[in-house]
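One structure is given here, and the rest of the page talks about it.
Every number in this text was worked out from the coordinates using simple rules, so none of it is lab data. In this text the structure is predicted, and so the values were computed from the model without any measurement. Positions of Cβ are backbone-derived with ideal geometry, glycine not excepted, and every protein chain shown enters the neighbour counts.
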Amino acid sequence: MKIGILQTGHAPDAVQADAGDYPSMFARILDGQGFDFVTYDVTAMQFPDAATDCDGWIITGSRHGAYENHPWIPPLESLIRTIYAAHRPMVGVCFGHQIIVQALGGTVEKFKGGWSAGKVEYQFETGETLALNAWHQDQVTKLPEGARTIASSDFCQHAALIYGDDILTIQPHPEFGGTTIGHLIDIRGDLLPPEVLDRARSGLDQPTDAATFATRMAQFLKRESK
């Protein structure tokens with residue numbers, strides 16, 4: 001099964017040296033699922049010819065805001081709408097979660113409550129609680145038509161969304177391990193309040209449920225296209 005990764009940013013050099021860039025992280029957590037990956041660096045204006053070029057799609061995280069003025073954002077939003085209309089399964093993570101919301105008519109904002117970083121527990125509508133690593137200030141504040149919230153935390157109301165059988169998105173990073181969060185603390189920690197950094201550091205060596213959510217991502221992507 002061919003999965004297109006729409007890369008919307010690059011990991012810092014220290015992260016890449018340790019864990020690879022974002023496409024490598026997704027290939028690693030989805031290893032063994034029978035996927036072949038092709039990457040499109042949309043920040044360099046690399047886009048597929050058609051939504052049907054791949055059987056499923058993943059949109060990565062990014063240091064950029066969905067609401068920022070970059071030349072690659074409008075064509076990415078157009079592609080998202082085309083993929084959605086074509087009923088190809090699509091998964092969005094962090095920025096991917098946000099840009100899909102924006103492309104389909106919802107709202108993303110810089111959250112007045114500040115940052116979420118490190119290990120966070122999310123309550124899913126199924127009744128399960130999954131711990132995943134987060135790194136974000138922007139949040140979804142208004143859902144587009146067709147989206148439904150399936151997970152939240154005390155800090156993030158719309159932490160995971162589902163759009164029928166077509167789109168699954170999540171605000172935290174199942175592809176981030178504790179080492180990656182540690183690098184981000186070292187590189188970008190000056191952006192965050194000390195108490196948020198302290199909480200993030202305290203969870204660096206603790207296990208998460210990333211593998212559980214990665215399995216869910218794989219199952220979603222494997223559903224037959226309509």
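Quickly run through the stretch 12-26 and pick out the residues that are free of Cβ contacts under 8 Å to residues at least 40 places away in the same chain and under 14 Å from His173 (Cα atoms). Write out each step before concluding.
Of the stretch 12-26, the ones free of Cβ contacts under 8 Å to residues at least 40 places away in the same chain are 13, 16-17, 20-21, 23-24.
Asp21, Pro23, Ser24, listed by residue number.
Hand me the list of strands (runs of 3 or more DSSP E) wholly inside the stretch 78-139 holding 1 or more residues that are of a type in the set (S, T, N, Q). Walk me through how you get there before you give the answer.
Working: elements: 90-93, 107-110, 116-124, 129-136.
So the answer is 107-110, 116-124, 129-136.
Give the number of residues within the stretch 157-176 that are under 14 Å from the mean Cα position of the chain (by Cα) and surrounded by fewer than 20 Cβ atoms within 10 Å (Cβ to Cβ).
1
Within the bounds of the stretch 7-18, is there any residue that is within 17 Å of the chain's Cα centre (by Cα) and of a type in the set (A, V, I, L, M, F, W, C)?
Residues of the stretch 7-18 that are within 17 Å of the chain's Cα centre (by Cα), as a first pass: 7-12, 15.
Among the residues that remain, those that are also of a type in the set (A, V, I, L, M, F, W, C) are: 11, 15.
Yes, that holds for at least one residue.
From Asp49, Asp13, Asp55, Asp36, grab the single residue that is of a type in the set (Asp, Glu) and crowded, with 17+ Cβ neighbours inside 10 Å.
Numbers: Asp49 fails: crowded, with 17+ Cβ neighbours inside 10 Å; Asp13 fails: crowded, with 17+ Cβ neighbours inside 10 Å; Asp36 fails: crowded, with 17+ Cβ neighbours inside 10 Å.
After ruling out the rest, the residue left standing is Asp55.
If you scan the stretch 102-138, which residues turn out to be closer than 20 Å to Val196 by Cβ and among the charged types (D, E, K, R)?
Within the stretch 102-138, Glu109, Lys110, Lys112, Lys119, Glu121, Asp138 meet the criteria.
Within the stretch 210-226, how many residues turn out to be surrounded by 18 or more Cβ atoms within 10 Å (Cβ to Cβ) and either of a type in the set (A, V, I, L, M) or outside any helix (DSSP H, G or I) (or both)?
5
Is it the case that the stretch 159-170 has a residue that's closer than 25 Å to Arg81 by Cβ and in contact with an Asp or Glu (Cβ under 8 Å, 6 or more places away or on another chain)?
Initial filter on the stretch 159-170 (closer than 25 Å to Arg81 by Cβ): 159-170.
Now narrow it down to the ones that are in contact with an Asp or Glu (Cβ under 8 Å, 6 or more places away or on another chain): none.
Checking the stretch 159-170: not a single residue is closer than 25 Å to Arg81 by Cβ and in contact with an Asp or Glu (Cβ under 8 Å, 6 or more places away or on another chain).
Mind listing just one residue for me: the one in the stretch 144-156 that is touching a strand residue (DSSP E or B) at 6+ places or on another chain (Cβ under 7 Å) and not hydroxyl-bearing (Ser, Thr, Tyr) and, of those, surrounded by the fewest Cβ atoms within 10 Å (Cβ to Cβ)? Lay out the reasoning, then the answer.
Within the stretch 144-156, the subset touching a strand residue (DSSP E or B) at 6+ places or on another chain (Cβ under 7 Å) is 146-153, 155-156.
If we keep only those that are not hydroxyl-bearing (Ser, Thr, Tyr) too, we end up with 146-148, 150-151, 155-156.
Working: Gly146: 15, Ala147: 21, Arg148: 12, Ile150: 18, Ala151: 24, Phe155: 17, Cys156: 20.
The selected residue is Arg148.
If Ile5 satisfies all but one of (1) closer than 21 Å to Phe176 by Cα; (2) touching a helix residue (DSSP H, G or I) at 6+ places or on another chain (Cβ under 6 Å); (3) not in a strand (DSSP E or B), what's the number of the condition it fails?
(3)
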